[in-house]
Every structure is written in structure tokens, then in C-alpha cells.
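The values are calculated or read from the model by the stated rules, or taken from the named source; none is laboratory data. A quick note: this is a predicted structure, and the numbers were derived from the prediction, not measured. No Cβ is skipped: glycine too gets one built from the backbone with ideal geometry, and neighbour counts run over all protein chains shown. Protein only, heavy atoms only, side chains kept; ligands, DNA and RNA dropped before computing areas. Shrake-Rupley method; radii C 1.70, N 1.55, O 1.52, S 1.80 Å.
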Amino acid sequence: MLLQIALYLLIGFTILWFFKEQTLNTILKEINFVLLWPFILLLEFIELVDNAKRRRE
């Protein structure tokens, strides 16, 4: 379980490494992103599916 948590945080901080903004507001957003990145990706996926369903109708 510790390995899973470490991978989770490593993936999150690796993604943030590409965005090198340093203001306090962006640092707080980055921390939220690291903690919630799977849910953010899931939300994006759900929005894509909803948009695809709307286009089909």
C-alpha cells in the first residue's frame, strides 16, 4: 500500500514538474491536483462521454 501511495504522489508531482509556475496560488492548485488527479481525469472522461452522446443524438 505504501508503494501505491508513493506511485500516486510520484505521478502527480511528475505531471506538475512540467508546469513550473511558482506563485502561492498555483502551488495550492498544484497540491490539490496531486491529491485529486485521478478524479480530475475521471471527470474529464465523463465530460467527453457526455459530449459524444449529445453529438450522437
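In degrees between 0 and 90, to the nearest 10, how far off the longest principal axis of the chain does helix 24-56 point, with axes built from Cα atoms? Here the helix axis deviates by roughly 10 degrees.
Fully extended, how many nm does the chain gain between Leu7 and Phe39 (0.36 nm per residue separation, minus their Cα-Cα distance)? It would help to have the intermediate numbers written out before the result.
Working: separation 32, 0.36 × 32 = 11.52 nm, distance 1.58 nm.
Stretched out fully, the Leu7 to Phe39 stretch lengthens by 9.9 nm.
Between helix 2-17 and the chain there is an angle of about 80 degrees, using the helix long axis and the longest principal axis of the Cα atoms.
Simple rule: put +1 on each Lys or Arg Cβ and -1 on each Asp or Glu Cβ in the chain, find the dipole, and look at Ile46, Phe18, Leu36; the Cα lying farthest toward the positive end is Ile46.
Per residue, the accessible area of the chain comes to 94 Å², computed with a 1.4 Å probe over protein heavy atoms only. Taking the accessible area of the chain, probe 1.4 Å, and keeping the other protein chains in place, the carbon and sulfur fraction comes to 71%.
Send over the per residue convex hull volume for the chain, Cα only, as a whole number of Å³.
Details: hull volume 5.9 nm³, N = 57.
Dividing the Cα hull volume of the chain by its residues yields 103 Å³.
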